[in-house]
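Derivation of every value follows stated rules applied to the coordinates shown; laboratory data play no part. Computed from a prediction, not measured in an experiment: that's the story for all the values here. Please note: Cβ atoms are built from the backbone with ideal geometry, for glycine as well, and neighbour counts cover all protein chains shown.
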Amino acid sequence: MKTRLLGGIVALVLAIVGTLLLVAYVQGTEARAQKDLQPIEVLVVQSQIPEGSDLEKIKASVKLTSMPSASVPNGALKSLDGIEGKVASVEILPGEALLGARLVDPQSLSAPGSVPVPAGMQEISVQLEAQRVVGGRIAAGDTVGVIVLFDKGANREAPDAETAQQVFHKVLVTSVQRSVAKSTTKPSETDPAEQANTELPSGQLLVTLARNDVDSTKIAFGAEFGSVWLTKEPDTSVESAGGVIKKLELYR
């Protein structure tokens, strides 16, 4: 009898302890779940952000939104303070939290030997011989003047006359590609900068310019139906009134 009573008491105690442990486990699980669900406000993308977008475009495309802490990725931004001048390194889709790691310096997006394209502009390339590109002494980041020459048809007053005009000033060069010279002699010990200024470039150069859509079309037209020359034109260059130069007026 005593044995049965003792066994019953032990079973009751175990049941109580088991119940208490189960309740504690459930309460702990609920607490952890509630902690994971605690909302955190982060910037979430509302409309697609293209690669290279500047801060103004990014600001217009994100909204401060509450998200469960468990679903917020590391590095998610709560504001855009302190990241002036950064751009999107990749395309960012709607619904994504904006990560600080995806905002980078514009220079990091540029290919080696090139400079970033200013916002709102596009790139166009022209293939030119070295003498048309200041002997090849033009590099990415320089600004150039664009001169277009036509045999005839470019001037209404004298449609049969040869004409030339500098149509654009201080155009940004975003990249310059040139043929690689095959050297059969021993490597020169000349300073690379001096060598670039004294050696005659071989082949043609592909110069890429940054310009708006209308100007890009004009450059393409000039290169296709006329001929193009580039001047090296830094910011300090003086721009005169210019005008169309005709063959008969050249010596006046």
Using the beta-carbon distance between Ala139 and Ala241 and R0 = 30 Å, what value does 1/(1 + (r/R0)^6) give for FRET efficiency, to the nearest 0.05?
-> 0.55
In debye to the nearest 20, the charge dipole size for region 65-140, taken about the Cα centre with +1 at each Lys and Arg Cβ and -1 at each Asp and Glu Cβ, equals 120 debye
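Below 8 Å, C-alpha to C-alpha, sequence gap of six or more: please give me the relative contact order for region 52-126 in percent. Please report the intermediate quantities before stating the final value.
Details: 58 pairs, mean separation 23.3, N = 75.
Computed value for region 52-126: 31 percent relative contact order.
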Can you give the relative contact order of region 82-138 as a percent, counting alpha carbon pairs under 8 Å and 6+ residues apart?
-> 25 percent
Largest first and in whole Å, give the semi-axes of region 38-101's equivalent ellipsoid, each being the square root of 5 times a Cα gyration tensor eigenvalue.
-> 19, 12, 10
Pairs beyond 20 Å (Cα-Cα), from Lys170/Lys218; Lys86/Lys232; Lys170/Lys247; Lys218/Lys247 | Lys86/Lys232; Lys170/Lys247; Lys218/Lys247
Using θ = phi - 60° and the Karplus form 6.51 cos²θ - 1.76 cosθ + 1.60, what ³J(HN,Hα) does each residue of region 222-233 get, whole Hz, x for Gly and Pro?
-> x, 6, 7, 10, x, 9, 10, 10, 10, 10, 7, 10
Average projected area [Cα convex hull, region 52-179], square nanometres = 12.1 nm²
